[in-house]
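These notes are about the structure you will find just below.
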Amino acid sequence: MKSSFSVVLLFLCSVLIQAQSNTHNLIIGSFNTNCESKGVYVYQFDSVTGDFEFRFESEKVANPGFLTVSKDNKFVYTVNSDGANSGVSAFGYDSKSGSLKLINQQKTTSENPCYITNDSENVITANYTGGSISVFGKKSDGSLTALKQLEQHSGKGPNTKRQEKAHLHMVQFSPDNKFLLGTDLGSDKVYSYAVNNQAEKPLELMVANDIKAGSGPRHFTFSKNGKKIYLLQELDGGLSVYNFKKGKLKLIEVQTVLAPDFKGKFTAADIHLSPDENFIYATNRADANDISCFKVLKNGKLEFVERVSTMGDGPRNFAIDPSGNYLLIAHQYSNSVVIFKRDKTTGKLTDTGKKIDLCAPVCLVFTKQ
């Protein structure tokens, strides 16, 4: 009798553990200038069924579009894109309940941060309008210090409407955390900074990599081993593959997210590798509103797979769930997060018909519960 009871108990425990491993928190950053939303939302997402459930809404902060989560899963940091009042917010994060609690805020002193990242010591933003990078320290309670480094950039490009000055669009660490890279859409450059967290100013500019004139480098993603970078160019729709070594980029090939017969307006947006690194995806906005899939070949080059509608307007950001089963796309202008099923073998996407209705979602980040 005891043996039977033990078997049943063991079975129930294994079912519970499996169920927990299939669920993740999905944190969504949004713009709230034109709606009643407070800004940061937490949902539970099931990576087997694609179902979701609302968990928490933060207290209101200005336009917490892009966000980043600390490695220990205890803190969430967001940009606050708010003109002259722009800043960053630090939240305490309870992943089990999904709750967020505002800890403090600091000014970027540079307008309209549009991307944010963090390591063990610092929180760093790319400031689009300000054309700069802001660095904040972390305190032991997760709160942010005042601004401790501002890297101001200058320069312009041939597109007089979009490249009249520097426009920093993304900052991200290399996988070994030795470098921080920043894309400048305005001057067609990718800056590589050496990172030294023991220094008073942790960033030291090492390389200013030149990108094709007028292309507008926007977002990029590293291979897990840090040897390759896949760079999406907003203004010409290019998807460039580079070797990366000691901060320097060496071009391998250029693909495009534009269909051969495409004639309308476009602005390429976001790019991510699948968890198994077999496929890469990139979104395109404006008249295009589509997502392209490429197979990653053994030499790192890309082979086109398909291009499909994102089923919404303004696919600014997307995320693949940790299992690789689903790809979710945040649509800034049609106010929805559309959920696609991924075929892990072919890379192709199928609309599930499921979507999260939310005002101006612009950033999706999955975390453990």
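The values are calculated or read from the model by the stated rules, or taken from the named source; none is laboratory data. Note that the structure is a prediction, hence the values are computed from the model and not measured. Every residue, glycine among them, receives a Cβ derived from its backbone with ideal geometry; neighbour counts consider all protein chains shown.
Filtered by the rule that a residue be hydroxyl-bearing (S, T, Y), within 13 Å of G131 (Cβ to Cβ) and buried (at least 21 other Cβ atoms within 10 Å of the Cβ), the range 147-205 gives T183, S187, Y191. Inspect all residues belonging to the range 117-134 and state whether any of them is assigned to a loop (DSSP other than H, G, I, E, B), touching a helix residue (DSSP H, G or I) at 6+ places or on another chain (Cβ under 6 Å) and under 26 Å from A194 (Cα atoms). No, the conditions are met nowhere in the range 117-134. I'd like the full set of residues that are surrounded by fewer than 21 Cβ atoms within 10 Å (Cβ to Cβ) and closer than 18 Å to M170 by Cβ, limited to the range 250-270. Hit for the range 250-270 is T267, nothing else. Looking across the range 164-182, just one residue is without any contact (Cβ under 8 Å) to a residue 40 or more places away in the chain and either in contact with a Phe, Trp or Tyr (Cβ under 7 Å, 6 or more places away or on another chain) or of a type in the set (S, T, N, Q) (or both), and that is H167.
You will find that of E204, E164, E200, the residue that is part of a strand (DSSP E or B), charged (D, E, K, R) and either more than 23 Å from F66 (Cβ to Cβ) or modelled with pLDDT of 95 or more (or both) is E204 and no other.
Do the conditions hold for K354, that is, is it surrounded by fewer than 21 Cβ atoms within 10 Å (Cβ to Cβ), under 20 Å from T49 (Cβ atoms), touching a Gly at 6+ places or on another chain (Cβ under 7 Å) and in contact (Cβ under 8 Å) with a residue 24 or more places away in the chain? Don't jump to the end; show me each part of the working.
Working: surrounded by fewer than 21 Cβ atoms within 10 Å (Cβ to Cβ): yes; under 20 Å from T49 (Cβ atoms): yes; touching a Gly at 6+ places or on another chain (Cβ under 7 Å): yes; in contact (Cβ under 8 Å) with a residue 24 or more places away in the chain: yes.
Judged against the criteria, K354 is a match.
If you go through the range 44-74 and keep only what is in contact (Cβ under 8 Å) with a residue 40 or more places away in the chain, buried (at least 20 other Cβ atoms within 10 Å of the Cβ) and under 19 Å from the mean Cα position of the chain (by Cα), you end up with F45, G65, F66, L67, T68, V69.
State which residue is surrounded by the fewest Cβ atoms within 10 Å (Cβ to Cβ) when the search covers only the range 314-351 and only residues that are of a type in the set (V, I, T) and more than 18 Å from R285 (Cβ to Cβ). In this case the residue turns out to be T345.
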